[in-house]
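Contents: one structure, followed by commentary.
The values are calculated or read from the model by the stated rules, or taken from the named source; none is laboratory data. Since we're looking at a predicted model, the values are computed, not measured. Every residue, glycine among them, receives a Cβ derived from its backbone with ideal geometry; neighbour counts consider all protein chains shown.
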Amino acid sequence: MQSFDPFVELQSDLFLFTAAHVTDDLKNGELLVPTSNGLSPVEGYLAHVDISPGDSRRDDQIDIAYYRLRSEFAQALTHHFTAISAENCEVIPSALELTVCSASGYPATKGRKNGDVWSSQIFSVSGVAASEATYDALALSPTLNIVFRFNKTTAVHPEDGKPFPTPGLKGISGGGIFAWPREAVGIPDWSSRRLVGIVHTYKEREGLIIGSTMAPLLAATLLGQMKNFGGVL
């Protein structure tokens, strides 16, 4: 399987952040990313926030995982990608402070196979941050979760405002959630948007994209650091 997950540098360590249900599927395949050697299985220390006994991943409101990448693998990854710096990440006190958010990923419907070669296209969607009433209805915490509205049936192109056909969003799980600057006028450049969370759920009928904030992710990486990332170099 292939995914597009935020590639982040924190205190000189390089990470891939994703959703735990993505790494749950490793028993059925490999998580691949583009490197200087082509599509390669991710190498590094893998950790996730586990679910309570008796619960399923469907009940998981956090649903986060991360790889702390092996140094050699991280170097190969930089052939195609530049890591998001800590300065471009933000731990938000509350998602209720957000205005507009974007999520990016590689939807499965954009995947193509030509012989033995797979390719895909990155796709981004944006929407208005949800109100407190929405969090209450979903029994979610705006401290740990981010919810914003996206209805693919009414999606428009950001440049001309015309209706825009949107692919299915299956495969966007693990993609980054980026907050627009509150003072933004028009469509802000990506360099001014901050990574604030990770997507784990799309409720198509309700027109909602749901994810987790950076707070539980950073807490998990801190715990991993205390464990010396399992000795992975």
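Some notes on this structure:
- Matching residues in segment 182-192 - criterion: being assigned to a helix (DSSP H, G or I) and of a type in the set (Gly, Ala, Ser): Ser191, Ser192
- Within segment 193-233, being part of a helix (DSSP H, G or I) and either without any contact (Cβ under 8 Å) to a residue 12 or more places away in the chain or more than 19 Å from the chain's Cα centre (by Cα) (or both) holds for Ala219, Leu222, Leu223, Gly224, Gln225, Met226, Asn228, Phe229, Gly230, Gly231.
- Residue match in segment 61-75 (condition: more than 23 Å from Ala219 (Cβ to Cβ), touching an Asp or Glu at 6+ places or on another chain (Cβ under 7 Å) and of a type in the set (A, V, I, L, M, F, W, C)): yes
- Checked against the criterion of being part of a helix (DSSP H, G or I), touching a residue at least 40 places away in the same chain (Cβ under 8 Å) and surrounded by fewer than 18 Cβ atoms within 10 Å (Cβ to Cβ), segment 68-87 has at least one qualifying residue.
- Residues in segment 57-66 include at least one that is crowded, with 19+ Cβ neighbours inside 10 Å and either out of contact with any strand residue (DSSP E or B) (no Cβ under 6 Å at 6 or more places or on another chain) or farther than 22 Å from Gly197 by Cα (or both).
- Boolean, Ala184 is at pLDDT 90 or above and of a type in the set (A, V, I, L, M): no
- Residues that are in a loop (DSSP other than H, G, I, E, B) and not acidic (Asp, Glu), drawn from segment 1-43: Met1, Ser3, Phe4, Pro6, Gln11, Ser12, Ala19, Gly29, Leu31, Ser36, Asn37, Val42
- Scanning segment 181-214 for residues that are among the aliphatic types (A, V, I, L, M) and surrounded by 17 or more Cβ atoms within 10 Å (Cβ to Cβ) yields Leu195, Val196, Ile198, Val199, Leu208, Ile209, Ile210, Met214.
- Residue within segment 113-135 that is buried (at least 17 other Cβ atoms within 10 Å of the Cβ), in a loop (DSSP other than H, G, I, E, B) and modelled with pLDDT of 95 or more present: yes
- Among (1) surrounded by fewer than 16 Cβ atoms within 10 Å (Cβ to Cβ); (2) part of a loop (DSSP other than H, G, I, E, B) - the single one Ile51 does not satisfy: (1)
- Residue list for segment 147-174, restricted to those being modelled with pLDDT of 95 or more and either out of contact with any helix residue (DSSP H, G or I) (no Cβ under 6 Å at 6 or more places or on another chain) or within 25 Å of Leu31 (Cα to Cα) (or both): Phe148, Arg149
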